[in-house]
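Remarks on the structure that follows.
The values are calculated or read from the model by the stated rules, or taken from the named source; none is laboratory data. Everything numeric here is computed off the predicted structure, so don't read it as measured data. Ideal geometry is used to build each Cβ from the backbone, glycine not excepted, and the neighbour counts take in all protein chains shown.
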């Protein structure tokens with residue numbers, strides 16, 4: 001199992017402020033991008049395996065549908081309930097991944113890309129993740145997914 005460490009910015013600044021800020025940004029960028037790569041790999045191979053990446057009380061918006069809690073998110077991803085995910089195969093191809101440290105000590109990640117459903121249809125999408133630190137790893141506290149149509 002792959003573990004990602006979420007680090008809060010150091011309170012000690014032994015270098016020029018600009019240089020220190022770039023080091024923090026790089027750290028958050030590397031963590032955010034690695035987490036997203038891992039998330040999509042797990043999602044595309046076995047959708048139920050991403051449940052462990054969500055906080056127990058996580059919030060998800062999937063195409064306007066509000067879902068709260070890891071258990072309900074997993075049900076939605078497993079095809080249970082109205083407007084649940086119903087594809088057989090999926091492949092995420094992110095184009096851009098923008099990462100910022102959040103003022104709450106977490107990491108905000110914004111992804112744009114293409115998602116291929118059942119090996120045929122390809123759709124443009126945007127997705128946002130807020131990652132928080134829990135027991136020296138990152139968990140998803142908020143997730144918003146939207147297909148871009150039109």
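Taking segment 76-102 as the range and being farther than 23 Å from residue 133 by Cβ and without any contact (Cβ under 8 Å) to a residue 24 or more places away in the chain as the test, the residues that pass are 76, 79, 80, 81, 82, 83, 84, 86, 93, 95, 96.
Being farther than 23 Å from residue 121 by Cβ and surrounded by 13 or more Cβ atoms within 10 Å (Cβ to Cβ) narrows it down to one of 73, 85, so name that one.
Working: 85 fails: farther than 23 Å from residue 121 by Cβ.
Within the list 73, 85, the selection yields 73.
Contact map, segment 61-75: first residue on the phi < 0 side of the Ramachandran plot and free of Cβ contacts under 8 Å to residues at least 24 places away in the same chain, second residue in a strand (DSSP E or B) and surrounded by fewer than 13 Cβ atoms within 10 Å (Cβ to Cβ), Cβ cut-off under 6 Å, separation 6 or more or different chains; pairs are 70/56. Against the numbered list (1) touching a helix residue (DSSP H, G or I) at 6+ places or on another chain (Cβ under 6 Å); (2) at pLDDT 90 or above; (3) surrounded by fewer than 18 Cβ atoms within 10 Å (Cβ to Cβ); (4) not in a strand (DSSP E or B), residue 50 comes up short only at (3).
Give me the residue from segment 35-47 that is in contact with a helix residue (DSSP H, G or I) (Cβ under 7 Å, 6 or more places away or on another chain) and at pLDDT 90 or above and, out of that set, nearest to residue 118 (Cα to Cα). Spell out the reasoning first.
Going residue by residue through segment 35-47, those that are in contact with a helix residue (DSSP H, G or I) (Cβ under 7 Å, 6 or more places away or on another chain) are 39, 42-43, 47.
Still in the running and at pLDDT 90 or above: 39, 42-43.
Details: 39: 19, 42: 16, 43: 14 Å.
Only one residue fits best here, namely 43.
Would you check if residue 96 is out of contact with any strand residue (DSSP E or B) (no Cβ under 8 Å at 6 or more places or on another chain) and surrounded by fewer than 12 Cβ atoms within 10 Å (Cβ to Cβ)? Judged against the criteria, residue 96 is not a match.
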